[in-house]
1. Give the number of residues within the range 1-42 that are modelled with pLDDT of 80 or more, over 28 Å from Arg124 (Cβ atoms) and surrounded by 11 or more Cβ atoms within 10 Å (Cβ to Cβ).
2. As an exercise: evaluate Leu81 against (1) modelled with pLDDT under 95; (2) assigned to a helix (DSSP H, G or I); (3) more than 14 Å from Ala51 (Cα to Cα) and give the number of the one condition it does not meet.
3. Return the residue satisfying two criteria in turn: it lies in the range 85-136 and is of a type in the set (Val, Ile, Thr) and under 19 Å from Ile24 (Cβ atoms), and of such residues it is modelled with the lowest pLDDT.
4. Take the residues of the range 50-78 that are among the β-branched types (Val, Ile, Thr) and loosely packed, with under 14 Cβ neighbours inside 10 Å: which is modelled with the highest pLDDT?
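The values are calculated or read from the model by the stated rules, or taken from the named source; none is laboratory data. Owing to the predicted nature of the structure, the values given are computational and were not obtained by experimental measurement. Virtual Cβ from ideal backbone geometry, glycine too; neighbours counted across all protein chains shown.
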Amino acid sequence: MIQRIQTLYLGLVAVTSILAAFFIKNLVKIDEIGIFGISMPVDRMTFFIIAATAIFSIFLFKKRINQFIVNRLNIILNLFLLGFFVYRSLNLSGESLLSQKGIWVVIPLISIVLLILANKAIKRDEDLVKSVDRLR
């Protein structure tokens with residue numbers, strides 16, 4: 001049953017994470033004032049892990065409880081990435097010259113919202129299956 005709504009949500013998480021991994025820019029600009037940004041390979045690697053976890057979760061459609069747990073782990077990973085981005089953006093200087101330093105904070109927030117919606121849909125499916133089993 002790959003045609004469920006949580007598959008759409010998880011697919012969107014995977015697509016946004018892969019696009020963010022490929023289009024994240026190195027915000028390193030060294031001037032006479034200082035360094036305005038640092039891009040680390042942890043960013044890209046974490047985005048790829050998030051996308052791989054979402055794709056793995058799509059194929060756990062027969063085991064809804066495991067799918068729910070994998071999505072929660074993915075939410076924790078997104079929270080880690082969000083905290084990493086916030087920490088790094090608060091420690092950067094040069095706001096007047098580099099005003100887009102916090103744009104990547106939006107991607108983990110979008111992923112967290114989509115994962116929460118997927119978990120709600122998984123929970124709804126699990127409740128439906130349990131209610132049908134009670135009628136037997």
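1. 3
2. Here Leu81 meets the rest and fails (3).
3. That would be Ile103.
4. Selected residue: Ile76.
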